[in-house]
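Notes for the one structure printed next.
The values are calculated or read from the model by the stated rules, or taken from the named source; none is laboratory data. For clarity, every value in this text was computed on a predicted model and none was experimentally measured. No Cβ is skipped: glycine too gets one built from the backbone with ideal geometry, and neighbour counts run over all protein chains shown. Accessible surface areas use protein heavy atoms only, side chains included; no ligands, DNA or RNA. Shrake-Rupley method; radii C 1.70, N 1.55, O 1.52, S 1.80 Å.
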Amino acid sequence: MSRYVSPRVTRRQTLGFLAGAAGGLALHGCARSSNVETLASATDLVPATMATTAWIGNSALYVADEKNFFRNAGLDLTIRTYSTVAESFPALSIGQVQAVSPVASEAVLLASEGIDYRIVAVMDTSSGADAILARNSVTDIADFRGRRVAVQRGGVGHFFLLQVLAEAGLTEQDITIVDTTPEAGVAAYEAGNVEIAYSYPPYIDSALVAQRDGRVIYDTSQMPTAILDFYAFTTNFIETQPDAVRAFVSSIFRAVDLIKTNDNSALSIAAKRLDVTASDLKTQLEGIDLPDLQTNQDMLANPDSDLYLVEPLTALAEFLVEQNQITEVPNMANFIDPQFVQNLSAEAST
């Protein structure tokens, strides 16, 4: 949403791109380059392309790809990296991309646009990685009133900020938004040009060192359902290639299990893809949760669980309507397909 990214890449910069992207068809991604040995005949593999961004939540994706989990399960997956997931939406809408990894607000926006897709797994939840910095003169969130806040309008941080403001009875009209990227926003915060800024690691880490007059005033550990990332496929691909989707989901959880055991090879693989050290990646992963299979079962398929996502996604949609970001609340239950985690869970319990 994180967020540890390569310094060369800014993650999920703007959801506002969606409106313009709906009419465009240009692809800006770079297909992965891989010299891995072909493990099966090309005729035995189902091809698919996933659009994503360079982001630590994708660690399991990188591990499953490098270790050939997808290919061994019958899926020839091409990972195409974009500056923002929203850049891939035109390609998704015409079938040139079969899968995406949207953040929760992007998933709601896609649903509101009538894009026919389904969430098949939860990639990660932000549990402290996304945060708002404030100088010590800012006493609390209510004290944001009348102040300048650095955040990218239409981006993940923008929607997070709106929710934080709402908790304090404030709206966007009560502040002045300085529209800038998370990296530039932190630089403005360090220089004293703004008193408040949204960002994520590694930018927040450097800001706290450089600017001693300040602290994290609010982060996603206080609002755990605010920023989640998903793996989603087009409904057509799910219906025509269910075994390939199953291969993807099962491979992801196999990789998640490796990462959770602090497998050195897994961390090294993901760190190399992100252009960071394995040690840094391990530290940054502490700011997110990578839900395992059982947690995914609760989040996607168990209405009785406190983790069930339909309610928070619906609440987010209602909030976006109030903020005039979408016109009506989509039925988010229609955009979740839990069959793959359900089947895998059932097999694991036998």
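Is it the case, given these coordinates, that Asn334 is part of a loop (DSSP other than H, G, I, E, B), out of contact with any Gly (no Cβ under 7 Å at 6 or more places or on another chain) and not hydrophobic (A, V, I, L, M, F, W, C)? Against the criterion (part of a loop (DSSP other than H, G, I, E, B), out of contact with any Gly (no Cβ under 7 Å at 6 or more places or on another chain) and not hydrophobic (A, V, I, L, M, F, W, C)), Asn334 does not qualify.
Is it true that Thr139 is hydroxyl-bearing (Ser, Thr, Tyr), closer than 25 Å to Ala197 by Cα and not in a strand (DSSP E or B)? Yes. Which of (1) part of a helix (DSSP H, G or I); (2) open to solvent by less than 20 Å² (accessible area, probe 1.4 Å); (3) within 28 Å of Ala60 (Cβ to Cβ); (4) touching a helix residue (DSSP H, G or I) at 6+ places or on another chain (Cβ under 7 Å) does Ile132 not meet, given it meets every other one? It is condition (1) that Ile132 fails.
Exactly one residue out of Ile204, Ile132 is closer than 27 Å to Asp280 by Cα, within 25 Å of the chain's Cα centre (by Cα) and at pLDDT 95 or above, and it is Ile132. Restricting Pro47, Pro102 to those that are surrounded by fewer than 22 Cβ atoms within 10 Å (Cβ to Cβ), at pLDDT 90 or above and touching a strand residue (DSSP E or B) at 6+ places or on another chain (Cβ under 7 Å) reduces the list to Pro47. Would the stretch 263-272 turn up any residue that is aliphatic (A, V, I, L, M), at pLDDT below 95 and touching an Asp or Glu at 6+ places or on another chain (Cβ under 6 Å)? There is no residue in the stretch 263-272 that is aliphatic (A, V, I, L, M), at pLDDT below 95 and touching an Asp or Glu at 6+ places or on another chain (Cβ under 6 Å). Here Leu109 fulfils each of the conditions (1) among the aliphatic types (A, V, I, L, M); (2) open to solvent by less than 10 Å² (accessible area, probe 1.4 Å); (3) assigned to a helix (DSSP H, G or I); (4) out of contact with any Asp or Glu (no Cβ under 8 Å at 6 or more places or on another chain) apart from (2). Every condition in (1) modelled with pLDDT under 90; (2) charged (D, E, K, R); (3) outside any helix (DSSP H, G or I) holds for Asp213 except the one numbered (1). Yes or no: the stretch 215-228 includes at least one residue that is over 18 Å from Leu165 (Cβ atoms) and open to solvent by less than 10 Å² (accessible area, probe 1.4 Å). Yes, the stretch 215-228 contains at least one residue that is over 18 Å from Leu165 (Cβ atoms) and open to solvent by less than 10 Å² (accessible area, probe 1.4 Å).
Within the stretch 334-350, being buried (at least 16 other Cβ atoms within 10 Å of the Cβ), within 21 Å of the chain's Cα centre (by Cα) and not aromatic (Phe, Trp, Tyr) holds for Ile336, Asp337, Pro338, Val341. Scanning the stretch 50-77 for residues that are assigned to a helix (DSSP H, G or I), open to solvent by 10 Å² or more (accessible area, probe 1.4 Å) and in contact with a Ser or Thr (Cβ under 7 Å, 6 or more places away or on another chain) yields a count of 1. Scanning the stretch 162-180 for any residue that is among the β-branched types (Val, Ile, Thr), in contact with a Lys or Arg (Cβ under 6 Å, 6 or more places away or on another chain), part of a helix (DSSP H, G or I) and open to solvent by less than 60 Å² (accessible area, probe 1.4 Å) turns up nothing.
Report the residue count in the stretch 310-333 for those that are of a type in the set (D, E, K, R) and open to solvent by less than 20 Å² (accessible area, probe 1.4 Å). Residues meeting the conditions: 0.
Residues that are of a type in the set (Asp, Glu) and more than 17 Å from Thr125 (Cα to Cα) were ranked within the stretch 51-107; the one that is farthest from the chain's Cα centre (by Cα) is Asp76.
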